[in-house]
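Data first, discussion second: the structure below is written as structure tokens.
The values are calculated or read from the model by the stated rules, or taken from the named source; none is laboratory data. Predicted model only: the values in this text are computed from it and were never measured. Cβ placement follows ideal geometry from the backbone for every residue including glycine, while neighbour counts extend to all protein chains displayed. SASA here: full protein model, heavy atoms, side chains in, ligands and nucleic acids out. Shrake-Rupley method; radii C 1.70, N 1.55, O 1.52, S 1.80 Å.
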Amino acid sequence: MLTEVIATRYVTPLREGGSLPGIVEADDLGTYVMKFTGAGQGRKTLVAEVICGRLAQRLGLRVPTLVQMQLDPVIGLAEPDQEVQELLKASGGLNLGMDYLPGSIGFDPLAYRVDPAEAGRVIWFDALINNVDRSWRNPNMLVWHGDLWLIDHGATMIWHHNWPTAQAAAAKPYNASDHVLAPVGPDIEGAAALLAPLVTEELLTEVTAEVPDEWLVDEPGFDTTDALRRAYVEALLPRAATIHERISLEAEVKAPAGPPGWLTDHLPEWPHKTHKKKSGDE
């Protein structure tokens, strides 16, 4: 299970994320980026963070250490921002913390070189969890002490928002043409050969067991939290075996649309017909 700590001081919000995570100090003297149960995306974001973050770590990818964080909303009373105060009040109890990496910088593909092998492992992993949030617009990666670290997995495994269609959704291919590491020439086959055999039923069972029960209760269609954990295993296990065969790295080329009629209907046909020169014309 994830280590549990107690939040002791709210430091500052991180406004880059839509869920308004914040930097928080804890009773173990550590500093964490906290994601809140009271945020608009709800507890499924935290479930995805735990499953995907712990799975990545078990596969040898770098992800900040995850902890359970107990939050007493009283620590937000001195916070001047009303939005932050309301978020803290709505998030009393168990939340998620990620180890804060001081001095890290956001990944820039023009400034930091990633070799094809590592790029292949990242893209293969993102394909497994159906991560659509690692594009050049928003890489969700940090560089810390010269190494690449993966963050923010809350928008993955889209199928867990509609469990009746989960098996069909998990069987779909993965379009990596917009992935920030696609231009590197990622070694997808090599990554699959290395990582796919590691994604076993036992590993997935261990990873899903780390999600706190209180984030899984009352899910429609499931009588127990263990049944819900099993659903995550059944979605990810077959996907791991074949997803490398269904990763697309090339953007779909579409024929450019013609200009609208209101812009061109009144114009003469192109190329224009040539007029016969009259006598005396230059």
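From the residues in the range 38-78 that are outside any helix (DSSP H, G or I), within 17 Å of the chain's Cα centre (by Cα) and polar (S, T, N, Q), which one is nearest to VAL143 (Cα to Cα)?
THR65
Please count how many residues of the range 23-47 are under 21 Å from TRP163 (Cβ atoms) and either free of Cβ contacts under 8 Å to residues at least 12 places away in the same chain or aromatic (Phe, Trp, Tyr) (or both).
1
Restricting to the range 155-192, name every residue that is small (Gly, Ala, Ser) and either at pLDDT 95 or above or over 26 Å from GLY42 (Cα atoms) (or both). Let's see the steps before the verdict.
At the first step, the residues of the range 155-192 found to be small (Gly, Ala, Ser) are 155, 166, 168-171, 176-177, 182, 185, 190-192.
Passing the criteria: ALA176, SER177, ALA182, GLY185, GLY190, ALA191, ALA192.
From the set of residues in the range 16-35 that are assigned to a loop (DSSP other than H, G, I, E, B) and farther than 14 Å from ASP152 by Cβ, which is least open to solvent (accessible area, probe 1.4 Å)?
Only one residue tops the list, namely GLY30.
Given the conditions (1) under 13 Å from the mean Cα position of the chain (by Cα); (2) open to solvent by 10 Å² or more (accessible area, probe 1.4 Å), which single one is not true for PHE125?
Failing condition for PHE125: (2).
Quick check: anything in the range 240-262 out of contact with any helix residue (DSSP H, G or I) (no Cβ under 8 Å at 6 or more places or on another chain), at pLDDT below 95 and in a helix (DSSP H, G or I)?
Within the range 240-262, one or more residues are out of contact with any helix residue (DSSP H, G or I) (no Cβ under 8 Å at 6 or more places or on another chain), at pLDDT below 95 and in a helix (DSSP H, G or I).
Mind checking which residues of the range 147-161 are touching a Leu at 6+ places or on another chain (Cβ under 8 Å), open to solvent by 10 Å² or more (accessible area, probe 1.4 Å) and part of a strand (DSSP E or B)?
Answer for the range 147-161, where residues must be touching a Leu at 6+ places or on another chain (Cβ under 8 Å), open to solvent by 10 Å² or more (accessible area, probe 1.4 Å) and part of a strand (DSSP E or B): just TRP149.
Please work out if GLY97 is open to solvent by less than 70 Å² (accessible area, probe 1.4 Å) and either more than 24 Å from VAL50 (Cβ to Cβ) or part of a strand (DSSP E or B) (or both).
The answer is yes for GLY97.
For (1) under 20 Å from MET157 (Cα atoms); (2) open to solvent by 30 Å² or more (accessible area, probe 1.4 Å); (3) of a type in the set (D, E, K, R); (4) touching a residue at least 40 places away in the same chain (Cβ under 8 Å), each residue gets a yes or a no:
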position: TYR174; (1), (2), (3), (4): yes, no, no, yes
position: VAL180; (1), (2), (3), (4): yes, no, no, yes
position: VAL184; (1), (2), (3), (4): no, yes, no, yes
position: ASP187; (1), (2), (3), (4): no, yes, yes, yes
position: LEU194; (1), (2), (3), (4): no, yes, no, yes
position: VAL199; (1), (2), (3), (4): yes, no, no, yes
position: LEU204; (1), (2), (3), (4): yes, no, no, yes
position: VAL211; (1), (2), (3), (4): yes, no, no, yes
